[in-house]
């Protein structure tokens, strides 16, 4: 059904943006982490998004072909990748993780960059929420049709 | 008179609601994929085609002297109108190849929703008229 597919598309956008916000928060929280289970400092992570057409049943596919109109396109998180930029070296000889020259390998997280990404992610989330509400409003208007 | 529910207005509203729903799908997809690299924003156009079909009952440019003559009117009837899916034009492309312009999409979304509500209102009005008629004005 068209209305439900509009809702799922908006929800897919909201969940993808939430995933982005989660990853960004993780980056900010670990901006000073010098120890990880894999060894070395924490490395910045990023969400990879991809567009996917809704899973269609045979009938839907047939109908889409018939009308030459494909249905809505959802967004999906296809993976979380590590940023391979080198760690930032900071001179801190008293730090237990400092190397012989006194430099500590700090995570390659730039807090300003993360804040900018956080803002775009939350704006995109709001946009998806607005699209969701619009679809809901339209469905409700249609349901009111039969009444007086 | 083609029947109570077959008036061109009802068909128009029905078509319009269908297209608006599909257009909402397309716009919602654009918004959901605002950060997807390489995604191309799309739109659904149908208003011109609907408008043309609404006036399709006007005779065509050719003179007819017999009922079996063709008048050259090529416009399809209202219930055969198809919507066209196009790539929406954007003056700039983001560095990741994405062409979604959030402001435009939100504006289109709002416009689409309002036009949908307008079509609903039109239908409601139409139905109220029918109700008045079938209840003999009571």
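Since every read-out is calculated from the coordinates, none of them should be taken as a lab result. Keep in mind it's a predicted model, so treat the numbers as computed, not measured. A quick note on method: Cβ atoms are made from the backbone with ideal geometry, for glycine too, and the neighbour counts reach across all protein chains shown.
Taking every residue in B:17-27, how many Cβ atoms of other protein chains lie within 10 Å of its Cβ, on average?
Working: counts 4, 1, 1, 2, 9, 7, 1, 12, 15, 7, 7.
Across the residues of B:17-27, the mean count of other-chain Cβ atoms within 10 Å is 6.
Testing the spin-label approximation: label points 7 Å from Cα along Cα→Cβ at residue B:115 and residue B:40. State their distance in nm.
Inter-label distance under the simple model: 2.2 nm.
Say each of residue B:129 and residue A:36 gets a label point 7 Å from the Cα, pointing the same way as Cα to Cβ; how far apart are those two points in nm?
In this crude spin-label approximation the distance works out to 6.8 nm.
Given only helices, namely DSSP H runs of n ≥ 4 each adding -39500 (n - 2.57), what is the per-residue ellipticity at 222 nm of the protein assembly as shown, to the nearest 500 deg cm²/dmol?
It lands at -17000 deg cm²/dmol.
Take peptides B:42-52, B:92-102, A:117-127, A:8-18 and line them up by average Cβ neighbours within 10 Å, highest first, as a rough protection proxy.
A:8-18, A:117-127, B:42-52, B:92-102
Report the label-to-label distance for residue B:68 and residue A:99 in nanometres (one decimal), using points 7 Å from each Cα along the Cα→Cβ vector.
Rounded to a tenth, the inter-label distance reads 9.5 nm.
So what is the relative contact order of chain B, in percent, for Cα pairs below 8 Å that sit 6 or more residues apart? Write out the running numbers ahead of the final one.
On the way: 142 pairs, mean separation 47.4, N = 138.
Computed value for chain B: 34 percent relative contact order.
Take every residue in peptide B:111-121, count the Cβ atoms of other chains within 10 Å of its Cβ, and give the average of those counts.
The shielding value for this peptide is 3.
Using the beta-carbon distance between residue B:52 and residue B:79 and R0 = 22 Å, what value does 1/(1 + (r/R0)^6) give for FRET efficiency, to the nearest 0.05?
Once the sixth-power term is evaluated, E becomes 0.95.
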